[in-house]
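The values are calculated or read from the model by the stated rules, or taken from the named source; none is laboratory data. Because the structure is predicted, anything quoted here is derived from the model rather than measured. So basically every Cβ, Gly included, is an ideal-geometry build from the backbone, and we count neighbours across all protein chains shown.
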Amino acid sequence: MSGSSAGPLALRLGALALVVVFFQIGVVSEVPVFGVNAELCALMVAFSGLLCGSMVGAVCGFAVGLFIDLALLQTLGLTSLIFTLVGYWCGRLRELRDPQGALTPLLVGVSASALSLIGYSLMEFMLGVDSPVSFQLLRVIVLGVVVNAIFALPMWALTRRALEAAMPEDPRRRRRRRAYTTGGLSPLTKA
Amino acid sequence: MYDKTVRRRRAVLALLVVLSLLLLTAYFGEAPGGRLHAIQRDFLTVVSPIQDGANKALKPVRDLFSWFGNTLHAKSQLAQALKQTERLRRELAAAQEGKRAYHELLALSHLDQLGVDSYRPVAATVIDKDPNVWYSTVVIDKGESSGVHRNDPVINEEGLVGKVAQAAPDGALVELLTNSSMGVSARIGTSHATGLVQPKVGDPNDLLLGYLPSNAQANPGEYVVTSGTVTPQYPSLFPPGLLIGQVTSVDEESAYKSVNVHPVANLHDLDIVQVLTAGAGSRAANLDQLPATLQAGQGPSTNGGEQLASTQQVGG
């Protein structure tokens with residue numbers, strides 16, 4: 001990422017993260033859907049990685065996780081560790097596969113939610129919460145993933161709208177877009 | 001160029017993971033008065049006005065979403081509520097008679113029971129909720145500056161909600177009843193048998209009243225209330241008679257009878273709560289000073305179990 005685009009992108013990412021975190025803890029955490037709450041922060045981190053790459057995803061995940069841990073007086077480092085890995089993984093997915101399907105954000109959102117919920121549960125067990133894996137817990141995790149799937153596409157649209165203007169042009173996407181608009185070949189090649 | 005990018009990417013990931021693990025280890029290992037906890041409290045002091053403002057600004061949005069859910073549930077709850085009102089009316093008449101007799105006996109025996117009236121209730125607004133799957137803590141907008149201290153009981157209009165786990169100057173962390181470190185000595189309705197209410201293992205939304213004597217009577221639908229102090233050497237954090245939940249089923253398979261309890265307070269929808277604060281020298285304040293010498297598995301000594309649960313510090 002060029003230095004000129006890093007500043008505006010960081011600003012936009014920071015503002016988006018603040019809005020999403022406050023909306024998550026102020027509204028979404030208090031409105032259960034099917035008995036569970038959506039995790040917009042995990043989705044936002046995942047989509048930041050998917051749009052901007054692994055390094056931005058990891059840094060964004062760490063910062064958002066640390067903010068949540070500090071603001072909610074939770075175990076420091078727990079959410080930041082999970083969100084760092086989620087952001088990094090989604091960024092690597094973009095760098096290695098660059099998926100373009102319409103359902104990609106949905107699948108990435110579902111996977112990131114599952115990763116974050118299972119990771120959080122595992123970490124809680126490791127840190128001494130006395131609860132074995134039960135049907136109830138699995139139900140909560142599965143429902144959490146389903147609810148996040150509902151919010152995945154709107155969250156993707158919001159994240160993309162907020163970040164796209166500050167993102168550097170990706171040569172691979174530019175080539176693909178040109179090939180698409182010219183029917184697969186450039187006019188020069190046809191000639 | 002490519003190698004440099006790859007190396008930088010891996011270095012950033014490693015740095016962030018190591019930093020997270022260091023924070024996790026240091027935070028989990030330190031005492032509640034440690035440096036990281038202090039930083040967290042200072043951070044809360046800084047952001048709590050923002051959170052409070054955001055919470056108030058977003059309340060209409062929250063209410064709108066809640067309205068849809070509540071409307072769907074209201075009809076199904078109406079018939080149940082009418083039936084319950086009938087039953088409660090009958091129980092109220094019996095309870096009023098019981099209360100009169102209780103006060104007479106109390107005056108006769110000169111018992112020094114600390115009831116809710118002896119506490120100074122402080123109303124607080126829930127400004128943050130734990131957004132993860134466990135839903136076991138909330139943050140309120142009142143802290144040490146309002147007289148809120150660690151271990152103070154927290155209630156709402158429905159019943160017992162939890163206790164204060166950490167207090168900052170302008171905010172406090174409340175551990176809900178469903179938090180794994182919670183334990184409350186309790187009894188069923190009019191029964192004298194006491195047990196320990198703890199979160200149900202594997203079900204973060206339900207409670208289990210354990211360590212009840214095998215001959216204790218328990219029927220589904222009966223209410224579970226705090227028992228208060230049973231033995232003076234193990235004073236309870238919670239005043240007697242606070243409503244905790246309703247018996248849903250009874251498990252008689254183990255040596256001690258245990259009862260499944262559904263909390264009456266809707267822990268997913270907390271808005272305004274009351275912290276029962278008490279001055280220095282109170283039970284809550286004194287318990288903070290207790291050494292954590294109690295060992296697990298002390299059997300049915302319920303207040304000991306409550307102390308053990310309250311002195312254990314499970315992070316988060």
#### Entry: Residues satisfying the stated conditions in segment A:24-39, i.e. modelled with pLDDT of 85 or more and more than 7 Å from chain B (Cβ to nearest Cβ)
A:Ala38
### Message
Just checking, does segment B:222-232 include any residue being at pLDDT below 80, farther than 22 Å from B:His103 by Cβ and surrounded by 14 or more Cβ atoms within 10 Å (Cβ to Cβ)?
### Response
no
### Query
Of the residues that make up segment B:117-125, is at least one crowded, with 19+ Cβ neighbours inside 10 Å and modelled with pLDDT under 85?
yes
### Task
Please list, ordered by first then second residue, the pairs with beta carbon atoms under 8 Å, 6 or more apart or interchain, first in segment A:22-36 and part of a strand (DSSP E or B), second of a type outside the set (Val, Ile, Thr).
A:Val36/A:Leu143; A:Val36/A:Gly144
## Note on the structure
Of (1) in a helix (DSSP H, G or I); (2) within 22 Å of A:Met167 (Cα to Cα), A:Leu70 satisfies every one except (2)
### Message
Take the residues in segment A:66-84 that are out of contact with any Gly (no Cβ under 6 Å at 6 or more places or on another chain) and in contact (Cβ under 8 Å) with a residue 24 or more places away in the chain; name whichever of them is farthest from the other protein chains (Cβ to nearest Cβ).
### Response
A:Phe67
### Task
Among the strands (runs of 3 or more DSSP E) lying completely within segment B:130-182, list those that include at least 1 residues that are basic (Lys, Arg) and either under 19 Å from B:Pro32 (Cα atoms) or modelled with pLDDT of 85 or more (or both).
B:160-168
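Considering only segment B:40-72, how many residues are more than 18 Å from A:Val64 (Cβ to Cβ) and out of contact with any helix residue (DSSP H, G or I) (no Cβ under 7 Å at 6 or more places or on another chain)?
The initial filter retains those residues of segment B:40-72 that are more than 18 Å from A:Val64 (Cβ to Cβ), namely B:41-42, B:45, B:48-49, B:52-53, B:55-72.
Filter again for out of contact with any helix residue (DSSP H, G or I) (no Cβ under 7 Å at 6 or more places or on another chain), leaving B:41-42, B:45, B:48-49, B:52-53, B:56-57, B:59-61, B:63-72.
The qualifying residues number 22.
Results for (1) assigned to a helix (DSSP H, G or I); (2) of a type in the set (Phe, Trp, Tyr); (3) touching a residue at least 24 places away in the same chain (Cβ under 8 Å), shown as yes or no for each residue.
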residue: A:Ala63; (1), (2), (3): yes, no, yes
residue: A:Val86; (1), (2), (3): yes, no, yes
residue: A:Gln100; (1), (2), (3): no, no, yes
residue: A:Leu107; (1), (2), (3): yes, no, no
residue: A:Leu115; (1), (2), (3): yes, no, yes
